[in-house]
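Colleague: Structure provided below as structure tokens; questions to follow.
The values are calculated or read from the model by the stated rules, or taken from the named source; none is laboratory data. In this text, all values refer to a predicted model and were calculated from it rather than measured experimentally. Don't worry about glycine lacking a Cβ; one is built from the backbone with ideal geometry, like all the others, and counts go over all protein chains shown.
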Amino acid sequence: MNKLFRLGGYLASGVLIVFGVGTMAVGALGLMEVRDTIAAEKITATPDAQELGVDLEPGEDIDTGTKAKEFATIIRTHALESTGGRTYSEMGRFLTETGEETNDEAEAAVDPESGRPVENPARNIWITVTAFTTALNTAFLAERIALFSIVMGLALLLTGIGFLVLTRAALRGPEPSTA
């Protein structure tokens, strides 16, 4: 029975250590992938970055998930400025002949080339903004998940080492007394 416990203890320790190292490696690879992908886009902070209250210097490279999240704030602020402080759902889908917004297709001006209602270009800004900021915020989330994987891998590694130490100590038997 003692041999079975020893084998089980060593096996469990080994599995925890291997999973810990593997999880840390996957997390590190994920972190590098996120950062490489962001950096490949060659995004830099806008000249008004600090005025907008973000933690970026004008012209600073956006190459981490945290910087990507900050840059998403800049994009949203610029979009709000260009749409008069209104978001996608607060604007009409179409424009009338006089340039007013409407959601009624029958009231909308008609594009002479396509014969379709004229879309509100300010509203369409939000489609692009939403796509871009979602990608940037996803990079932030992916970086956090990668960091979490590294920390959890370290926890598994340390647990495996601790379990190995306990297994060896428990199977060694009691220390002889020196009394």
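Colleague: Considering only residues of segment 50-94 that are among the polar types (S, T, N, Q) and part of a loop (DSSP other than H, G, I, E, B), which is surrounded by the fewest Cβ atoms within 10 Å (Cβ to Cβ)?
Modeller: T87
Colleague: Pick from segment 34-49 the residues that are touching a residue at least 24 places away in the same chain (Cβ under 8 Å) and not in a loop (DSSP other than H, G, I, E, B): which of them is farthest from the chain's Cα centre (by Cα)?
Modeller: The residue in question is A39.
Colleague: Just name the residue that is surrounded by the most Cβ atoms within 10 Å (Cβ to Cβ) out of those in segment 131-179 that are modelled with pLDDT under 95 and of a type in the set (V, I, T).
Modeller: Out of the qualifying residues, it is T167.
Colleague: Here's something else I'd like to know. Can you pull out every residue in segment 95-133 that is in a helix (DSSP H, G or I) and either farther than 16 Å from T77 by Cα or among the hydrophobic types (A, V, I, L, M, F, W, C) (or both)?
Modeller: P121, A122, I125, W126, I127, V129, A131, F132
Colleague: Could you figure out which of (1) over 14 Å from the mean Cα position of the chain (by Cα); (2) more than 30 Å from S13 (Cβ to Cβ); (3) in contact (Cβ under 8 Å) with a residue 24 or more places away in the chain isn't true of E143?
Modeller: Here E143 clears every test but (1).
Colleague: So for segment 97-109 (the condition being closer than 30 Å to N137 by Cβ and surrounded by 11 or more Cβ atoms within 10 Å (Cβ to Cβ)), does at least one residue qualify?
Modeller: Yes, some residue in segment 97-109 is closer than 30 Å to N137 by Cβ and surrounded by 11 or more Cβ atoms within 10 Å (Cβ to Cβ).
Colleague: A further question on this structure: Taking the criterion of being without any contact (Cβ under 8 Å) to a residue 60 or more places away in the chain, touching a Phe, Trp or Tyr at 6+ places or on another chain (Cβ under 9 Å) and among the hydrophobic types (A, V, I, L, M, F, W, C), would at least one residue in segment 149-156 satisfy it?
Modeller: There is no residue in segment 149-156 that is without any contact (Cβ under 8 Å) to a residue 60 or more places away in the chain, touching a Phe, Trp or Tyr at 6+ places or on another chain (Cβ under 9 Å) and among the hydrophobic types (A, V, I, L, M, F, W, C).
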